[in-house]
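Below: the structure, in structure tokens.
The values are calculated or read from the model by the stated rules, or taken from the named source; none is laboratory data. Remember, predicted model here, so these are calculated numbers, not experimental data. Every residue, glycine as well, gets a Cβ built from its backbone with ideal geometry; the counts of neighbours run over all protein chains shown.
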Amino acid sequence: MKVPYVHSNYERIEGDNYQTVDPRCVRALVKLVDLRGKIVDCCSPSGSGIVMRLQALGFNAHGVADAFSDFSADWVVTNPPYKKGLVDAIMTEQIVRVQNGEFFGFAALLRTNFDHAKTRKDMFSIPHYFGQIKMCFRPYWTEERKFSPIHNYVWHIWTADAVERDYPAVLYW
């Protein structure tokens, strides 16, 4: 098995279903993006920290288990699994749905270096790419706090109205 270039001290979770337990992640998004209507986490087979946090803030949020299924939403907000190939397929599917007008917007919580890969350039060089929210903290992925987080994360955002902008936004929270 190939060892990642940065190894955490936690065991990997099957299917890479890491719940977004750090409330700051959702707060960063809702403070800087005008989420409205029906919000769906398309990567939530057994519940979602994102859905739970959005509902607690009064949003109409729901989860679906299959990112490739036919579902309706105004916004898709997710923390996709990190398995290479799968994450790219999920991302592409949701971006195409924004481009086709099926969703108004799509926000994905990803490691900061996700957009550095040349194979992902097309995701970020389209008019629907709004930009990113750089979170000025490292999120926790477990309620246990015996180790400090080691990865930086951003929200990447695609919207229908981003096509009116000349360049992507870079926001900080």
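Please count how many residues of region 64-93 are modelled with pLDDT of 95 or more, under 14 Å from the mean Cα position of the chain (by Cα) and not aliphatic (A, V, I, L, M). Selection size over region 64-93: 5. Looking at this structure, is ASP122 among the charged types (D, E, K, R), surrounded by 14 or more Cβ atoms within 10 Å (Cβ to Cβ) and within 18 Å of ILE90 (Cα to Cα)? It is false that ASP122 is among the charged types (D, E, K, R), surrounded by 14 or more Cβ atoms within 10 Å (Cβ to Cβ) and within 18 Å of ILE90 (Cα to Cα).
For region 130-145, a residue qualifies if it is more than 30 Å from SER72 (Cβ to Cβ) and in a loop (DSSP other than H, G, I, E, B), and the qualifying residues are CYS136, PHE137, ARG138, TYR140, THR142, GLU143, GLU144, ARG145. For region 31-74, the set of residues classified as closer than 23 Å to PRO139 by Cα, of a type in the set (Asp, Glu) and assigned to a loop (DSSP other than H, G, I, E, B) consists of ASP34 only.
Look at region 102-129: where a residue is farther than 14 Å from ASN79 by Cβ and a partner is part of a strand (DSSP E or B) and hydroxyl-bearing (Ser, Thr, Tyr), sitting 6+ places away or on another chain with Cβ atoms under 6 Å, you get GLY105/THR159.
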